[in-house]
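Notes follow once the structure below has been shown.
The values are calculated or read from the model by the stated rules, or taken from the named source; none is laboratory data. No experiment lies behind these values; they were computed from the predicted model shown. Virtual Cβ from ideal backbone geometry, glycine too; neighbours counted across all protein chains shown. Note: accessible area is taken over every heavy atom of the protein model, side chains too, but ligands, DNA and RNA are not part of it. Shrake-Rupley method; radii C 1.70, N 1.55, O 1.52, S 1.80 Å.
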Amino acid sequence: MVSSSTFLHVLSLAALALSPLESQAQLANTFKYVGLSGVSAQQLFLGTKNKVYIVDKTEKNNATVNGHPAWAVEYDLDTNTFRPMDVLSNSFCAGGTVLGNGTWLNVGGNQAVTTGGVAMPSTQQSGQSVYTDWDGGKAIRLLDPCDDESCEWVDEPAMYMTSRRWYPTLETLEDGSAIIMGGCEWGGYVNYADNQNNPTVEYFPSKGTPFTLNFLLKTMPVNLFPLIWLLPSGNIFIQAEFQAEIFDYKNNIEYPINDIPDCVRVYPASAGTAVFPMTPENNWTATIIFCGGTFLQADQWTTTWDIAGYAANESCVTISPDVDLNWYHDDSLDTGRSMGNFINLPDGRLFYVNGAHLGTAGYGTEDWVIGQSYADQPIYQSWYFDPKKPSGQRWSKAGVSSIPRMYHSTASLLPDGTVIVSGSNPNADYVDQTTNPDYKYFTQYQVEIFYPDYHDTPKPNPTGMPSKLTYGGDPFDITFTLSDLLNNTLNINATRAVIIRTGFSTHTMNMGQRHVELQTSYTTNDDGGAVLHVAQMEPNPAILAPGPALFFVVVNGIPSNASWITIGDGTVAQAQTLKPRSTLPQSSIGAQFMAQYGGGSYVVAAQGQGVGSGASVRAILGVLVPASMIITAFALGFAL
Ligand SMILES: [Cu+2]
């Protein structure tokens with residue numbers, strides 16, 4: 001039992017915690033230019049808490065390395081400076097992902113090229129170009145990110161694939177290996193059937209000879225960068241052209257499903273795609289959203305007409321392939337958009353940024369191009385999409401950028417909950433205002449940070465943030481002070497434990513991006529703080545494959561800074577250790593806090609296990625508390 005003097009003491013602590021809040025610049029909902037990338041950010045990923053890795057195609061970039069133009073850099077988030085990195089081969093439109101041990105893969109590309117993106121002769125594919133690049137068609141490039149500027153890409157022809165892949169997609173699997181899917185041999189706007197489709201799948205590390213996927217034969221010509229996601233069932237969902245299927249990759253069985261409605265979503269139509277947060281409330285079900293794209297039939301993907309004047313589509317659709325094979329319409333975009341990019345935010349919303357209203361991905365020399373761009377009318381307005389809002393209310397405006405970000409743009413969530421946005425280069429080689437003053441769309445090096453609307457609120461900074469998570473096993477505790485709980489102890493009931501894998505961003509996709517919420521319960525402390533008890537990952541690596549990720553706590557919609565975590569055993573191509581599902585202590589709210597809501601001295605407990613944190617107080621109030629207290633709780637703004 002807590003005395004009233006203790007309760008007053010708690011109140012005075014609350015008053016103290018309210019006063020010296022950290023003041024931050026008012027940046028919410030704005031984009032801020034922070035630095036230059038040195039090479040154009042065609043591919044981008046967060047490699048450590050402070051380092052973003054950028055990979056471009058071979059071109060005449062400003063940054064140089066070892067006496068030639070660079071096409072990769074490490075970008076430091078503290079200093080906003082870049083370190084050029086040497087990549088041997090042409091990484092043009094490569095795919096990528098991260099393995100279970102934290103090594104990043106960058107796979108595929110184009111032949112060696114010279115000025116203007118022109119391919120070198122087949123006999124001069126090993127450094128003879130002025131750019132010194134090698135043929136990257138079969139390349140597998142490896143990087144172990146670092147904070148001490150010692151790491152370099154390993155681009156070693158002896159490790160290459162046996163077939164050429166330009167525009168392949170990668171996804172990390174349950175054992176920490178990667179599946180590498182599709183692509184073509186020699187490039188082009190779409191995939192052409194003249195013996196250059198690569199309709200095969202292989203793995204890294206290799207599991208043998210690549211095998212043909214029927215889906216990649218029947219989705220020609222619009223199947224480059226196929227859209228793929230590992231599902232919690234352990235199957236892979238694949239979408240390209242208008243078609244879709246479930247691929248049981250362990251038994252190599254393909255199950256076609258209904259066509260996607262309204263338009264083509266895959267590159268170069270380039271819808272924005274993402275998986276909604278996978279949470280205890282939805283039993284970690286993967287629901288995938290596709291927004292925007294281009295309505296063209298298979299025979300219309302030619303470059304003989306004015307693609308750059310053709311409006312993109314505004315439709316959004318979702319599917320939850322493990323539980324329902326139907327497609328559903330979701331709230332549409334305000335206007336048609338190609339090349340919009342979805343970023344999972346820690347608070348459960350999606351951020352939608354970049355792209356254009358007219359045209360598609362790609363560039364060329366046709367008489368209708370804008371400079372060289374196949375797109376026009378860049379869209380500067382970014383949006384939030386909240387899957388929890390009622391239908392019709394899910395979109396709301398975010399910030400407005402001043403920089404056109406169209407073909408070859410990228411974006412990624414950062415550990416402080418902001419979003420890095422860079423790239424855009426619808427050109428065969430580097431183009432700037434000096435060299436091409438009549439162009440509309442130049443090679444962009446500007447790096448921007450977008451500050452979501454939660455940014456200006458002081459962040460929770462609890463103790464006990466993890467650095468490692470296992471599949472099942474003992475839960476762990478995170479301790480919040482009253483000020484971490486935004487000066488309301490009962491915000492512990494609106495506190496979520498969130499993992500985000502930020503993914504490999506390229507061509508409007510963030511390959512491997514996921515938002516997974518862990519199960520939690522809590523105990524309030526007499527001092528006004530509280531302890532969040534957090535379950536380990538569900539013992540199912542198909543919900544989130546092993547490897548590095550960000551871990552946030554989100555208090556009533558305000559994210560902490562992330563801790564850097566490793567999920568699983570830190571191994572590749574090995575079954576992960578699975579432990580029994582975490583058993584959480586029951587939630588309990590101390591008597592003094594309950595007293596605030598009804599005058600009585602209740603000691604209550606939630607039915608912790610099997611109930612997500614958002615449902616806990618509802619369970620408490622519904623089961624143990626008089627109805628009058630529920631009404632009071634509503635009035636006080638409980639998250640019920
Ligand atoms: Cu590309």
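Remarks
- With K and R counted +1 and D and E -1, the other residues having a Cβ less than 14 Å from that of residue 78 yield a net charge of -3.
- Lysines whose Cα lies under 29 Å from that of residue 32, excluding same-chain neighbours fewer than 8 positions away: 49, 51, 57, 60, 388, 389, 397, 440, 459
- Signed unit charges on C-beta, dipole axis of the chain, positive-most listed residue 516, 275, 401: 516
- Gyration tensor verdict on segment 134-250 (Cα atoms; rounded if a/c is under 1.5, prolate if a/b is larger than b/c, oblate otherwise): oblate
- Gained length - residue 435 relative to residue 34, 0.36 nm times residue gap less alpha-carbon distance: 141.9 nm
- Cα shape, the chain, gyration tensor, a/c 1.5 rule: prolate
- Cα pair distances of segment 522-577 binned at 10 Å [whole percent]: 19, 40, 27, 12, 2
- Ellipticity at 222 nm from helices only: DSSP H runs of n ≥ 4 in the chain, each -39500 (n - 2.57), divided by the residue count, give -2000 deg cm²/dmol.
- Projecting the Cα atoms of 462, 449, 321 onto the charge dipole of the chain, computed from C-beta unit charges around the Cα centre, puts 462 farthest toward the positive end.
- Note on residue 561 and residue 306: their simple-model spin labels are 5.2 nm apart, each label 7 Å out from Cα toward Cβ.
- Modelled FRET efficiency - R0 25 Å, residue 80 with residue 144, Cβ distances, 0.05 increments: 0.60
- Placing a label point 7 Å from the Cα of residue 391 along the Cα-to-Cβ direction, the residues of segment 298-331 whose backbone N falls under 11 Å from that point are 328-331.
- Note on the chain: dipole from Cβ charges, positive end direction compared against 539, 80, 483; the farthest Cα belongs to 483.
- The slack in the chain from residue 463 to residue 26, taken as 0.36 nm per residue of separation less the alpha-carbon distance, amounts to 154.7 nm.
- Karplus-derived HN-Hα couplings along segment 42-47 (A = 6.51, B = -1.76, C = 1.60, θ = phi - 60°), whole Hz, x at Gly and Pro: 6, 10, 8, 8, 7, x
- Longest exposed-site-free window of the chain, the sites being trypsin sites (Lys or Arg not before Pro) in a DSSP loop that have at most 15 other C-beta atoms within 10 Å: 1-206
- Check: the chain dipole with +1 on Lys, Arg Cβ and -1 on Asp, Glu Cβ, in debye: 960
- Summing charges over neighbours of residue 92, with a neighbour being any other residue whose Cβ is under 15 Å away from its Cβ, gives -1 when K and R count +1 and D and E count -1.
- Expressed as a whole percent, the accessible area of segment 282-368 that falls on carbon and sulfur atoms is 48 (1.4 Å probe).
- Contour minus Cα-Cα distance for residue 281 and residue 574 (0.36 nm per residue): 102.5 nm
- A cysteine counts as unpartnered when no other cysteine's C-beta lies under 4.7 Å of its own; in the chain this applies to 93, 184, 263.
- Cα gyration tensor shape for segment 126-168, rounded if a/c is under 1.5, else prolate or oblate: oblate
- Normalised contact order of segment 84-161, rounded percent, pairs of Cα under 8 Å and 6 or more residues apart: 31
- The residues neighbouring residue 535, those whose beta-carbon lies less than 13 Å from its own, together hold a net charge of -1 under the Lys/Arg +1, Asp/Glu -1 convention.
- Between residue 118 and residue 526, the FRET efficiency from the beta-carbon distance, with R0 = 56 Å, is close to 0.20.
- Relative contact order for the chain, counting Cα pairs under 8 Å that sit 6 or more residues apart, in percent: 14
- Once the C-beta distance of residue 323 and residue 252 is scaled by a Förster radius of 25 Å, the resulting FRET efficiency is 0.60 to the nearest 0.05.
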